[in-house]
Amino acid sequence: MHSTREIKKDIIYVGASDRRLALFENLFPLTDGVAYNSYVILDEKTVLLDTVDASISMQYLENVEYALKGRTLDYLVINHMEPDHCANIESIVFRYPHVKLVGNTKTFQFFEQFYNLKDQENYYVVKEGDELSLGKRTLKFFMAPMVHWPEVMMTYETTEGILFSADAFGAFGALDGNIFADEFNYRVRTADEARRYYVNIVGKYGVNVMNVMKKFNELPINMICPLHGPVLRTEEDVTFLRDKYTQWATYEAEEKSVLLIYGSMYGNTENAISYIAHRLANKGIRNIRIYDVSKTDPSYIISDMWVYSNFVIASPNYNGDVYFKVENLLREALSLSIKKRKVSFVTNFSWGGKALKTMQELLETGKDIEFIGEPVEIKSSVKEENEEALEALAEAIAQSVSV
Ligand code: FEO
């Protein structure tokens, strides 16, 4: 049975959610599923904006057929050629053989790389600023390279100011009938997942995100329709997420506070982190957060790395070097271009090792990463003799947070 919603007169949401998928991109844990969004516009011409993942094809194709009300499909706009959105293009072409596929030259390059169908007679190639008249409405195309792949473009409906934003402004999480952010408690339930999605999927490409955002500075945006997560239709929600994107894309911390991240085999390195956290709290630092790298998936920790101004990284020496999961986390965060952060270190060793050196060398490859305080080295467990050094480090961190 179809499950659709009209988001504006003659614009119909035809997407669906996958609540079974455990790992998005086979990497990122999904605790509440994920939505794959797609939209039909009925005008003198009919348009479908993107398709969906293969996991929800049956529901999706039924939705599209219902939304078209017996009409054929004139255009399929391909804003993004990643399989979670393009897996049904061939099915759409088989059902509506005269459909024109709208994309840029890279779109069609990827299309032919992924699939066997070559439908060049039906390619409708667009470039920056091109317009497509549907009758009453007009679509305008803006290239958005690397947000999140090179071929990505966004489609702007000019009459009502609706932005079909591809992956941008999306979020993890299934949609439960309430497809609009203002129909449920978006700030509590979804905003963190919008950041985890942004940071882990698009976070590396902050400059590209800012370049695209500038294109829309002069255009009214009354509704944002992303490819994942809820549709934003109130001025408050649109402004909220646009402001967040500006902050995230420029790597500006949201909280002047401290994120403490540790690996700990037997609790001794954790003990040092706990001590520092309590000293920081005594000094008036609020919203402190501690993560154990062995317990929490990196995607959550890295998402919070976009929030906090300061990190403390603590690692035991393991095989004479940094603990594997700490190293993995740092490499992942750096590959996503984390920058503009203040970092302090704690290490633990029983007979030696180069964990501190490795962590410092890794973070020195990042941009605008400042090291705060003297690193503290624990010998096996925290003792009274460490108190002075830990207190001094906490004081240096507290001072740097208040700057
Ligand atoms: Fe949701 Fe970049 O694909």
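Only the coordinates and a few stated rules stand behind these numbers; no lab work does. Since this is a predicted model, take the numbers as computed values, not measurements. Note: ideal-geometry Cβ built from the backbone for every residue, glycine included; neighbour counts use all protein chains shown.
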Open item on the list: List the residue pairs whose Cβ atoms are under 8 Å apart, where the first residue sits in the range 312-326 and is in contact (Cβ under 8 Å) with a residue 24 or more places away in the chain and at positive phi, the second is of a type in the set (Lys, Arg) and not in a strand (DSSP E or B), and the two are 6 or more positions apart or on different chains.
Closed with: Gly320/Lys354
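What tally of residues in the range 153-188 results from selecting those that are under 20 Å from the mean Cα position of the chain (by Cα) and either in a strand (DSSP E or B) or not aromatic (Phe, Trp, Tyr) (or both)?
Total meeting the criteria: 20.
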Task: Verdict on Val152 being surrounded by 20 or more Cβ atoms within 10 Å (Cβ to Cβ) and within 22 Å of Asn208 (Cβ to Cβ) - done: yes
Task: Any chance Tyr198 is under 17 Å from the mean Cα position of the chain (by Cα) and more than 13 Å from the ligand (Cβ to nearest atom) - done: no
Task: 2 or more residues under 24 Å from the mean Cα position of the chain (by Cα), within 16 Å of the ligand (Cβ to nearest atom) and closer than 18 Å to Thr155 by Cα: qualifying helices (runs of 4 or more DSSP H) within the range 67-121 - done: 83-86, 105-114
Open item on the list: Suppose we keep only residues that are under 20 Å from Ser402 (Cα atoms), outside any helix (DSSP H, G or I) and touching a residue at least 60 places away in the same chain (Cβ under 8 Å) within the range 253-287. Which one would you say is nearest to the chain's Cα centre (by Cα)?
Closed with: Ala253
Open item on the list: Looking at the range 207-221, can you tell me whether even one residue there is in contact with a Gly (Cβ under 6 Å, 6 or more places away or on another chain) and more than 16 Å from the ligand (Cβ to nearest atom)?
Closed with: yes
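Would you list the strands (runs of 3 or more DSSP E) that sit entirely within the range 301-403 and hold 1 or more residues that are more than 23 Å from the chain's Cα centre (by Cα) and surrounded by 19 or more Cβ atoms within 10 Å (Cβ to Cβ)?
Values: elements: 308-318, 341-349, 369-371, 376-379.
Qualifying strands (runs of 3 or more DSSP E): 308-318, 341-349, 376-379.
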TODO: Give the number of residues within the range 228-245 that are out of contact with any strand residue (DSSP E or B) (no Cβ under 7 Å at 6 or more places or on another chain) and closer than 23 Å to Trp149 by Cα.
DONE: 4
- [ ] State which residue pairs qualify: first residue closer than 16 Å to Leu334 by Cα and inside the range 350-366, second residue in a loop (DSSP other than H, G, I, E, B) in any location, beta carbons under 7 Å apart, and separation of 6 or more residues or different chains.
- [x] Gly366/Ile338; Gly366/Lys339
- [ ] Consider only pairs whose beta carbons are under 6 Å apart and that are at least six residues apart or on different chains; among these, list those whose first residue lies in the range 143-165 and is farther than 20 Å from Ile41 by Cα and whose second residue is away from the ligand (no atom under 15 Å from the Cβ).
- [x] Met143/Glu128
Task: Of the criteria (1) touching a strand residue (DSSP E or B) at 6+ places or on another chain (Cβ under 6 Å); (2) buried (at least 22 other Cβ atoms within 10 Å of the Cβ); (3) of a type in the set (Gly, Ala, Ser), which one Ala253 fails - done: (2)
